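Visitor: Quick one: the structure is below, and I'll ask about it shortly.
Any read-out appearing in this document is the output of simple, stated calculations on the displayed coordinates, not a laboratory observation. Values in this document were obtained by computation on a predicted structure and should not be read as measured data. Cβ: placed from backbone, ideal geometry, glycine included. Neighbour counts: every protein chain shown.
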Amino acid sequence: MLFLQKKNEIELPDVSLDGSRVHLRPPRLEDWPYWVEVRLRNHKHLKPFEPTWPKSCLSEDFFKRRLLRQFYEWESDRGRFFLIFKEGEESLIGGININNIFRGAAQYASLGYWIDERYEGQGYMGEALRLSIQYCFEEIGLERLNAACLDHNKRSRKLLLRAGFEEEGRAKKYMQIDGRRQDHVLYGLAAEDWEKG
């Protein structure tokens, strides 16, 4: 159950997605120093693939506002938000968001994710993505997932294909990334196709 008394007491649901090498859970206020450390260390690595970071994006106040937004999006069934931890160590290594949930006839959402450069290419994000897909289809009843990535982001494109997504097209000037609107490759995965795999 969601809990909010004051701005400094924000709790997202107690949900845990557990794999063999990673586990995912919603962010907490006490995650802020670890989140800052990982994000700051990876700024140069992540910059070409993310929207421009606001000047105060690593401040504690920004993190609290971020949690508050995520709280309201979770409460209104518009999003789910997880941090990725290395199993057994509680080391924060990344994040994955289920954004823009649409219900009614649509029943889909979009995925966004990032990982610490030190853990790339070792299967951690692949496992986190599989756990998230399973959660979307089996726990919250979505019927489709969308994802988009830059054409030159070969690692992300391979990750999506390995997880069962299909390339479905391209979108011009799809999103602002690294300070400018950039074209993206679009991917989709239907629940019935995932179940076959």
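Visitor: With both bridge residues required to lie in the chain, what share of the DSSP beta bridges run antiparallel, to the nearest 5%?
Guide: 90 percent
Visitor: Separate question: Take residue 28 and residue 40, extend 7 Å from each Cα along the Cα→Cβ direction, and tell me the distance between the two endpoints in nm.
Guide: With each label point 7 Å from Cα toward Cβ, the separation is 2.2 nm.
Visitor: Return the whole-Å distance between the Cα centroid of segment 55-80 and the Cα centroid of segment 150-164.
Guide: The two parts, judged by their Cα centres, are 27 Å apart.
Visitor: Within 10 Å of each candidate Cβ there may be at most 16 other Cβ atoms; applying that plus a DSSP loop requirement, which GluC sites (Glu not before Pro) in segment 57-87 survive?
Guide: Numbers: sites: 60, 73, 75, 87; in loops: 87.
Here the GluC sites (Glu not before Pro) that fit, given the DSSP loop and packing criteria, are 87.
Visitor: On to the next question. For residue 175, list long-range residues whose amide hydrogen, built 1.01 Å from N in the peptide plane, is under 5 Å from its own amide hydrogen.
Guide: So residue 175 has HN proximity to 182.
Visitor: How far apart, in nanometres, would the label points at residue 21 and residue 183 be if each is projected 7 angstrom from Cα along the Cα-to-Cβ direction?
Guide: It works out to 3.3 nm between the two label points.
Visitor: Ok, one more. With +1 on each Lys and Arg Cβ and -1 on each Asp and Glu Cβ, how big is the dipole of the chain about its Cα centre, in debye rounded to the nearest 20?
Guide: Value, rounded to 20: 960 debye.
Visitor: Okay, moving on. Looking at 27, 52, 62, which one has the Cα that reaches farthest to the positive end of the dipole of segment 3-196 (charges on Cβ: Lys, Arg +1; Asp, Glu -1)?
Guide: The Cα lying farthest towards the positive end belongs to 52.
Visitor: Another one. If you average the sequence gap of Cα pairs under 8 Å that are 6 or more apart and divide by the length of segment 1-154, what percent do you get for the contact order? Don't jump to the answer; show the numbers that get you there.
Guide: On the way: 215 pairs, mean separation 34.5, N = 154.
Rounded, it is 22 percent for segment 1-154.
Visitor: For segment 57-118, which trypsin sites (Lys or Arg not before Pro) are in a loop by DSSP, counting at most 14 other Cβ atoms within 10 Å?
Guide: 103
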